[in-house]
Structure formats: structure tokens, C-alpha cells
């Protein structure tokens, strides 16, 4: 992965030198050309093209922004309702993510989307304890977190 | 046209910040208040910063990277602060709201953990009655 990025930047620098005009725009064009070269080469040399991960990362960010807005609307409903009738609770959510980076990312995303707040981790890091402002159905909430965010994070890191 | 767009961003930001304050006042326990304080404020800060960024970009023609960095750092710090505050509160036995359904975190502590770590002066009788 790191090797591919270096190769891509190297191609961009060669491109800039060949163009003999050292501007940011030329570097950008060189970078795109380098990405295209890598895209063609991935079938020959059999490596995993790193732009796939970049694409997955962008998808994760878009998903996160969508969730941020939707759950903020839910939060508005709870805060501005005349009578507080939400049922908060702390739920243990098991996760299949393995490395510390992945679990940290999941916990941060869960914390940043309103309505959920990651409070603590189990010793082995496989369970996140999440405080939810409105948890009518425990299983539903666990499934939601696992299917939405966990899968998107896995696509980025694996 | 651009003025309207920028105004919408800034007004949404102000609205969410106001909502966060209302949430802090209305919600009954410390965990709910952390929700209101960190989350609504996060979106409020983000959209205010985007509005400011667009203003400088479109009217003055200046690309102010600092404003984008503010968004990044809010994203980095808000979840960490929320997690540490809520975890500390739960460990020293700050009670959840009486309407709370489940508390699966308490079962993982050693016996009498919360009682041992409770500060001496607080909480009062009335507050600890809410604890199940």
C-alpha cells in the first residue's frame, strides 16, 4: 500500500519534470496519470490497487455525514418533545474488528453520531459498551451498528 | 445567491448549538447531557465553520485552511472527551436516569467497585435513589 503511493508520487514527479512546468496542477495531472498506470498494471503484477481503499474511505465518510444529519434530526425530536419519553440504556455491542485502529475508528464514529456514545471497552477490545439515548429494541440497535459502520470500516482496512 | 447559502450554513450551526444547550438543560442525567453537549455542538461547529470558510473563499478569495483544521480537530477531540467523561462518571457510580432500560456495563465491574470509588461528599441521598 505504502509502496504504491510512493510509486504514484514518483510517477507524478517524473511527469512534472517532463512537462517542465512545476505547478500544482501539473502534479495533480501526473498523479492521476500515475493512478491510471497502476490501475492497468494491477492485472499484470497482481497486487491490490490502493485506490479501492480510497474509494471505500470516501464511501465511509459519506455514510458518516448522512448518519450525522439523520441522527441529529432524531436528537431534535427527543430534545424538543414536550415530555421526555425516551428510554436510554447501556448496551454491550460485540464487534468483529480486530486491530486497535479499527476499534478506535468505530468507537469514534459511534460517539460522533448523536444518540450513541461509546463508554468503555472490554479487556480484549472485542466489545464496546455504548450508551444509547433511545433504545427501544436492543437487538435492532446492535444489528444497525454492525451492519452500517463495521462493514464500511472493514472495506477500508482490509 | 452565495450569501443565502452561507447564511443557511451559519444559521443551521447556530440552531444546533442552541439545541445542544436546550438538551443540556432538559435531559435528566449526566450521560444524556454529554450526548447533547458533544453531538449537537459538533454539527453546529461544523456547519458554522463551513459557512465561514465559504464566506472567505467566495468574497475575499482566500483559502483559509485553518477553518477546515478546526473541523478535523473537533472530530478528533469530541469523542475522546465524551468517552472519558462518561466512563469516569459511570465508574464512580453516578446513577443513570430512572427510565433507563439496561445497564450492561455495570455487570462487568468487580463487586462493590462503584461504591468503593464513590467520592465522599456526593452524590446525595436523593440522587442515589435513582440508581437501580
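Throughout, read-outs are computed from the coordinates displayed, never taken from laboratory work. Just so we're clear, the structure is a prediction, and the values are computed from it rather than from any experiment. Glycine gets a Cβ as well: all are built from the backbone with ideal geometry, and neighbour counts include every protein chain shown.
The table for this structure:
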read-out	value
Peptide ranges B:56-62, A:110-116 listed from the most packed, as the mean C-beta count within 10 angstrom indicates	A:110-116, B:56-62
Length added when fully stretched, residue B:11-residue B:66, from 0.36 nm per residue minus Cα-Cα	17.7 nm
Cβ-derived FRET efficiency at R0 25 Å, residue B:98 paired with residue A:80, nearest 0.05	0.70
Prolate/oblate/rounded call for region A:51-157, Cα gyration tensor, a/c under 1.5 rounded	oblate
GNM result for chain A, Cα springs below 10 Å: residue of A:109, A:73, A:145 fluctuating most strongly	A:73
Residue of A:24, A:121, A:64 that the Gaussian network model of chain A assigns the largest fluctuation, springs spanning Cα pairs under 10 Å	A:24
Taking the C-alpha atoms of region A:2-45, convex hull volume expressed per residue in Å³	59
Peptide B:8-17 - average C-beta neighbours from other chains (10 Å radius)	1
Selected from A:133, A:32, A:58 as most flexible by GNM, with chain A as the system and alpha-carbon contacts under 10 Å	A:32
Relative contact order (%) - region A:2-45, alpha-carbon pairs under 8 angstrom, separation at least six	42
Neighbouring partner chain Cβ atoms per residue of A:80-89, average, 10 Å criterion	5
Stokes-Einstein translational diffusion, the protein assembly as shown - Kirkwood Rh over all Cα pairs, 0.890 mPa s, 25 °C, in µm²/s	112
Spin-label pair residue A:29/residue A:6, simplified geometry with 7 Å Cα→Cβ offset, distance in nm	2.8
Peptide A:107-118 - average C-beta neighbours from other chains (10 Å radius)	6
